[in-house]
Every structure is written in C-alpha cells, then in structure tokens.
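The values are calculated or read from the model by the stated rules, or taken from the named source; none is laboratory data. Since this is a predicted model, take the numbers as computed values, not measurements. As a convention, Cβ positions derive from the backbone with ideal geometry for all residues, glycine included, and neighbour counts pool all protein chains shown. Protein only, heavy atoms only, side chains kept; ligands, DNA and RNA dropped before computing areas. Shrake-Rupley method; radii C 1.70, N 1.55, O 1.52, S 1.80 Å.
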Amino acid sequence: MSQTPTRADFDHYMVPNYAPQQAVPVRGEGSRLWDQEGREYIDFAGGIAVNGLGHCHPVLVEALTAQANRLWHLSNVYTNEPALALARSLVERTFADKVYLCSSGGEANEAALKLARRWAHDHHGEHKHRIVSFSQSFHGRTFFTVSVGGQPKYAQGFGPVPGGIVHGEYNDLDSVRNLIDDDTCAVMVEPMQGEGGIIPAVPEFLQGLRDLCDAFDALLIFDEVQTGAGRTGSLYAYQQYGVTPDILTSAKSLGGGFPVGAMLTTDRVAKAFAIGTHGSTYGGNPLASAVALAAVEFIDTPEVLEGVKHRHDLFREHLEAINRQHGVFREIRGMGLLIGAEMAPAYEGRARDILPLALEEGLMALIAGPNVLRMAPSLVIPEADIAEGMARLERAVARLVAGQ
Ligand SMILES: *Cc1c(COP(=O)(O)O)cnc(C)c1O
C-alpha cells in the first residue's frame with residue numbers, strides 16, 4: 001500500500017534547492033486553498049503571479065479537460081489547432097506579428113535573447129551582440145537568463161558566464177546612455193521589476209529606452225513574464241505605457257497554472273528565427289495552448305481588466321489601513337494586482353518574517369526581496385476574500401509588531 005506523501009518526504013527525496021513551507025496544500029478553489037490537515041488559506045500569492053484566475057477556474061478546467069480527451073502532444077513535426085488559435089489570438093491582441101510558444105518564462109526569455117543576437121548577427125555581423133539589462137532584474141534561471149538578470153547571486157558558482165552582457169540602473173536613462181553603443185543588439189527590461197522589489201518603470205524611462213534602441217538599431221525586449229496576461233490591468237503592461245517593444249515575453253498567468261510561455265515579436269525580427277535555428281519539444285503543446293487560449297480570452301475583457309484596477313484600489317486601501325494602525329510599511333506600490341509593500345526602516349529586511357505568521361493566520365503571501373511584502377492574487381479574487389485575507393494579514397502584522 002502506498003503511503004500519503006508528507007512534507008518530510010521533500011527532504012528525503014527532493015534536490016534541496018527549495019525550502020518549502022511545512023503545510024502541503026492538496027486542493028484549491030478560487031482564491032482559497034486547503035492543506036493535508038484540512039486547514040484553509042486565502043491565497044494572495046497566486047502561485048507567484050501564475051494562478052491568474054485562481055485555482056481550478058471552471059473556464060480553464062473545461063478547456064483542459066476538453067483538450068485532454070482530444071489530443072495531448074504532437075511535437076513540432078506537426079502543428080495543431082490550439083497552438084494556432086493561441087498564436088492568432090495573441091497577435092490580434094498585441095503589437096506582435098509572430099509568436100513562438102514554449103513552456104516557461106525562462107524559456108521565452110532564452111528565445112528572446114537568442115533571437116536578438118541572431119537578428120543582429122544576420123543584419124550587422126558578429127560584433128553586434130552586446131545586451132543591456134538592469135541591476136536587480138530577474139529573467140529566469142537558465143544560464144543565459146541568470147547572466148542577463150541583475151542579481152549576480154543567481155549566476156555565481158556556475159562557471160564562466162556568457163560574455164557581452166552589461167547592467168544599467170533601473171529607471172536611470174543616463175546609465176543606459178553610458179552603456180549602449182553600435183555593438184548593442186538588445187535592451188531587456190521588465191516594465192515593472194517583480195522579483196527586484198515591485199518597482200514600476202517611470203514612463204519616460206521606457207520611452208527613453210525605445211528611443212535609444214531606435215538610435216542604435218538595437219531591439220527592445222520587454223520581459224512581461226510577471227506583468228503580463230492581465231496582471232497590471234491591461235493584457236500587457238506596455239499597452240498602458242504606450243511604449244511598444246520589438247520582442248515581448250509572457251508566461252506565468254498566461255497559462256493560469258498550466259506550464260506555458262510565449263515570445264511575441266514583429267515580422268521584421270521573426271525572420272531571424274529561420275527553420276532549425278531554435279526549438280523546444282513541448283513548444284505549442286496542445287494542452288498548454290488550449291488552456292492559455294481560454295485564459296487570454298477570459299482575461300482580455302473590459303470586465304476582468306477593470307476588475308483588476310478596482311481590486312488594486314481595494315488592496316491599497318486595506319494595506320494603508322493596516323499601516324495607519326501599525327506603521328510597518330514605508331511605501332505601498334505596484335500596478336494592478338502586482339502589489340508591493342516596502343517595510344519601514346524599523347522593520348528593515350523583515351518582510352520575510354511576515355510570511356510564516358500570515359500562514360498561521362491562514363493567508364498565503366509572497367516577498368520580493370527581503371524588504372518587500374508582495375501580493376499577486378487571482379485577477380478575479382472575490383472582494384470578500386480580499387477583506388478576509390486582509391483581516392488575517394492585519395493579525396500577522398500585529399504579531400510581528402508585538403514581537404511574537
Ligand atoms: C518568473 C519570471 C521569469 C522566469 O519564469 P519561469 O517560468 O520561472 O522560467 C522571468 N522573468 C520574470 C520577470 C519573472 O517574473
């Protein structure tokens with residue numbers, strides 16, 4: 001008889017690269033989760049900005065089960081209807097002319113960076129390979145993306161890093177002016193830094209990057225893995241900024257919990273990915289594509305996107321009320337339902353300490369670096385769950401303040 005797995009099995013059987021919480025969730029519905037003990041939690045974490053429609057949303061369950069009874073996988077030797085429908089939908093809703101499908105954010109960024117290098121190589125030659133990125137940025141955990149990412153700890157100890165990568169300061173255009181030149185093939189940036197601390201770009205910064213890229217014939221890559229698929233209140237954040245990239249990457253909420261990634265680009269750039277230049281076994285998988293199509297079509301409606309903005313205001317009001325009571329936050333910021341609360345100086349570096357307290361109170365939340373409490377809930381989280389989740393957060397914060 002096989003035994004029910006427990007948290008202790010993690011330490012026995014899993015590579016020790018994570019330190020998960022003790023509770024093991026077994027079931028989710030909307031913005032609520034239940035663990036093995038039957039304890040219930042409100043979910044402000046959303047699987048790190050992935051569960052865009054909460055847990056087991058009926059629209060996604062229907063798309064997945066319908067496809068599960070038709071066709072699971074073909075490889076890239078054949079195309080399939082869900083992949084084609086998803087690609088068309090993304091093209092119709094964005095600046096893009098062409099889509100590359102894959103299975104994760106890191107893979108989408110890997111494709112974007114390789115595409116930029118290949119495009120520059122084909123049009124200008126080998127010398128045009130330099131990539132400008134930003135300190136504190138996060139672009140994934142493949143070796144290329146940790147190298148482009150601006151948190152050196154993720155690349156340390158893995159041997160020689162790929163060359164030709166430089167880092168400027170986020171929201172500081174002068175730092176980019178000092179780095180960009182005719183050898184630059186791409187500038188990669190998150191319209192709002194997620195892992196780096198929930199830091200929205202100032203509009204002039206993104207517009208300035210666009211202008212610099214145009215001046216040096218470099219490609220502007222927006223990493224919208226975290227900000228995309230409705231998270232900020234528009235399908236993609238670039239649509240609110242009014243600054244159009246040459247390449248955009250999407251994952252996380254795009255699949256609502258099913259692994260999928262997408263790289264969007266223009267015809268002009270896409271040509272550099274000629275037959276055989278890049279690929280992925282699971283890219284365009286029918287199950288992933290069917291779920292992502294359902295997610296995109298559900299999210300990209302005025303009702304859902306307006307609802308994100310409304311919920312943003314609710315989150316802010318609740319967090320400000322908690323702060324009036326306890327004075328733990330220095331700043332509350334973010335866009336849509338990607339919200340950060342930076343700790344006040346007296347609680348410097350203690351955002352992490354809130355998480356276990358919140359969990360004990362029945363709330364799942366996140367951090368973005370040691371000093372920012374992060375929330376990335378379902379885009380359709382019921383208002384009652386926001387109120388109840390905030391009551392639980394208030395109790396957790398009160399315990400932090402009381403030193404418990
Ligand atoms: C999460 C994230 C990634 C990496 O996505 P994976 O699916 O974990 O590979 C890349 N960029 C940003 C901005 C992210 O938030």
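Quick notes
- Verdict on His124 being assigned by TED's automatic domain parsing to the domain that holds Val269 and either within 12 Å of the ligand (Cβ to nearest atom) or free of Cβ contacts under 8 Å to residues at least 60 places away in the same chain (or both): no
- Condition check for Ser137: open to solvent by less than 40 Å² (accessible area, probe 1.4 Å), under 28 Å from Glu169 (Cβ atoms) and either away from the ligand (no atom under 16 Å from the Cβ) or assigned to a loop (DSSP other than H, G, I, E, B) (or both): yes
- For region 111-121, the criterion of a residue being touching a residue at least 60 places away in the same chain (Cβ under 8 Å), within 14 Å of the chain's Cα centre (by Cα) and open to solvent by less than 10 Å² (accessible area, probe 1.4 Å) is satisfied by no position.
- Cβ pairs under 7 Å, 6+ apart, first in region 261-289 and within 22 Å of His139 (Cα to Cα), second in a strand (DSSP E or B) and open to solvent by 60 Å² or more (accessible area, probe 1.4 Å): Thr265/Lys98; Ala270/Lys98
- Any hit, region 110-119, residues being within 16 Å of the ligand (Cβ to nearest atom) and among the basic types (Lys, Arg): yes
- Number of positions in region 43-98 that are touching an Asp or Glu at 6+ places or on another chain (Cβ under 8 Å) and part of a loop (DSSP other than H, G, I, E, B): 3
- Pairing each residue of region 208-233 that is among the polar types (S, T, N, Q) with any residue that is within 16 Å of the ligand (Cβ to nearest atom), provided the two are 6+ apart or on different chains, yields C-beta distances under 6 Å for Gln226/Ala49; Gln226/Gly194; Gln226/Lys252; Thr227/Pro191; Thr227/Met192; Thr227/Ala237; Thr232/Met335; Thr232/Gly336.
- In the set (1) open to solvent by less than 10 Å² (accessible area, probe 1.4 Å); (2) more than 13 Å from the ligand (Cβ to nearest atom); (3) of a type outside the set (Val, Ile, Thr), the condition left unmet by Ala229 is number (2).
- Boolean, Gly349 is open to solvent by less than 30 Å² (accessible area, probe 1.4 Å) and either of a type in the set (Phe, Trp, Tyr) or assigned by TED's automatic domain parsing to the domain that holds Gly47 (or both): no
- Filter pass, Asp181 being without any contact (Cβ under 8 Å) to a residue 60 or more places away in the chain, in the same structural domain as Thr244 (by TED's automatic domain parsing) and part of a loop (DSSP other than H, G, I, E, B): yes
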